[in-house]
Amino acid sequence: ITVNAVATDSKASITTGATALVEGSNTVTVDVIAEDGTTKQTYTVTVTRALSSDALLSGIALSAGSLDPVFSNIGGNYAYKATVANSVSSITVAGTARHSGATVSGNGSYDLVAGTPKTITLGVTAADGTTTGTYTVSVLRAAAAASTDATLVSLSVTDSASTELVAA
């Protein structure tokens, strides 16, 4: 912001200027120096910049698989899917807040059951403590492949007659 000040005495000098505001309380000083060059009066102005209401993520990272659709905040799509191989028994999900003052809940590692979707919810709370956002990732671990093993472990014959086995 820029603070403009006008001194009572037009021959006095004023020092102030543009100040970059951070979220929360900011103190801006205005110094007025009288014509004699030694008499000085300092004024302070406190400006409060509201905390961010940004409750969006800038991305979601998965330890396996990929998001479908590709991550984007455009259009308000906050529901994603991912499919992983049957060999993946757990997945780590990490959402990154777009604003540094926001917090993300739900980041972590999750166990997966083959063939059963696991819905993971990521919550975002903005720096203002009020605004929230929710993202979901439904992860499907592929079912185990059907066995192609058609061999026997053992074979026995219970007839007392002489039997000859021939392997085909």
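The values are calculated or read from the model by the stated rules, or taken from the named source; none is laboratory data. Computed from a predicted model, the values in this text were never measured in an experiment. Glycine also receives a Cβ, built like all others from the backbone with ideal geometry; neighbour counts cover every protein chain displayed. Side chains included, ligands, DNA and RNA excluded: accessible areas come from the protein's heavy atoms. Shrake-Rupley method; radii C 1.70, N 1.55, O 1.52, S 1.80 Å.
Quick one: would you say Ala64 is under 27 Å from Ala144 (Cα atoms) and surrounded by 11 or more Cβ atoms within 10 Å (Cβ to Cβ)? Judged against the criteria, Ala64 is a match.
Within the stretch 15-58, the residues that satisfy the criterion of being open to solvent by 70 Å² or more (accessible area, probe 1.4 Å), over 30 Å from Gly123 (Cα atoms) and in a loop (DSSP other than H, G, I, E, B) are Ala20, Glu35, Asp36, Thr38, Thr39.
Remark: pairs (first residue in the stretch 125-136, farther than 11 Å from Ala97 by Cα; second residue among the hydroxyl-bearing types (Ser, Thr, Tyr) and in a loop (DSSP other than H, G, I, E, B); Cβ separation under 8 Å; 6+ apart in sequence or on different chains) = Asp128/Ser52; Asp128/Ser53; Thr130/Ser53; Thr131/Ser53; Thr134/Tyr78; Tyr135/Tyr78; Thr136/Tyr78. Beta carbons closer than 6 Å, at least 6 apart along the sequence or on distinct chains, pair a first residue in the stretch 71-87 that is in contact (Cβ under 8 Å) with a residue 40 or more places away in the chain and surrounded by 12 or more Cβ atoms within 10 Å (Cβ to Cβ) with a second that is assigned to a strand (DSSP E or B) and among the acidic types (Asp, Glu) for Lys81/Asp68.
With respect to (1) over 30 Å from Glu23 (Cβ atoms); (2) touching a residue at least 40 places away in the same chain (Cβ under 8 Å), the lone exception for Thr148 is condition (2).
Every test in (1) within 25 Å of Ala144 (Cα to Cα); (2) free of Cβ contacts under 8 Å to residues at least 40 places away in the same chain; (3) assigned to a loop (DSSP other than H, G, I, E, B) is passed by Ile120 save one, and that test is (3).
So is Thr92 open to solvent by 70 Å² or more (accessible area, probe 1.4 Å), of a type in the set (Val, Ile, Thr) and either closer than 26 Å to Thr116 by Cα or without any contact (Cβ under 8 Å) to a residue 60 or more places away in the chain (or both) or not?
Working: open to solvent by 70 Å² or more (accessible area, probe 1.4 Å): no; of a type in the set (Val, Ile, Thr): yes; either closer than 26 Å to Thr116 by Cα or without any contact (Cβ under 8 Å) to a residue 60 or more places away in the chain (or both): yes.
Criteria not met by Thr92.
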